[in-house]
Amino acid sequence: MVSKVCTECDGTMQEFENLTPEQQDHVLKHKPKYTRLRSYLHCTSPDCLRYQLRGNKKIGGSFPPPEDD
C-alpha cells in the first residue's frame, strides 16, 4: 500500500493499492488504449470508489457503485 491524496475523500491522505483484475477491466474500458494498468491505484477507504494514476491525482475516475442484490 502507498499513501496518496484522494480527491474523492475531500483531499485527505488515504491508502491506495494496486488494481484487482476486475478493476483493471473497468479501467481498460474507460481510459486510453495504451494505459499501463500497473500505473493505476485504487483508494482503500471503505466508501470510496476512486482510482487514479500513481503519479497524478488528476488522472483517474471512479468505479461504478456495487449493485445491490
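What the table shows:
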item	result
Candidates Lys33, Lys4, filtered to the one that is among the basic types (Lys, Arg) and out of contact with any Leu (no Cβ under 9 Å at 6 or more places or on another chain)	Lys33
The lone exception for Pro65 - which of (1) at pLDDT 90 or above; (2) not in a helix (DSSP H, G or I) it fails	(1)
Where Thr35 falls short, out of the listed (1) closer than 14 Å to Gly61 by Cα; (2) touching a residue at least 24 places away in the same chain (Cβ under 8 Å)	(2)
Search result, residues across the stretch 6-27 that are aliphatic (A, V, I, L, M) and within 14 Å of Gly60 (Cβ to Cβ)	Leu19, Val27
Search result, residues across the stretch 19-62 that are in contact with a Gly (Cβ under 8 Å, 6 or more places away or on another chain), among the basic types (Lys, Arg) and modelled with pLDDT under 90	Lys31
Subset of the stretch 11-38 [open to solvent by less than 40 Å² (accessible area, probe 1.4 Å) and part of a helix (DSSP H, G or I)]	Gln23, His26, Val27, Leu37
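The values are calculated or read from the model by the stated rules, or taken from the named source; none is laboratory data. Source: prediction; values computed, not measured. FYI the Cβ positions are ideal-geometry reconstructions off the backbone, even for glycines, and counts take in every protein chain you see. For the accessible areas, the whole protein counts, side chains as well, though only heavy atoms, and no ligand, DNA or RNA atoms are used. Shrake-Rupley method; radii C 1.70, N 1.55, O 1.52, S 1.80 Å.
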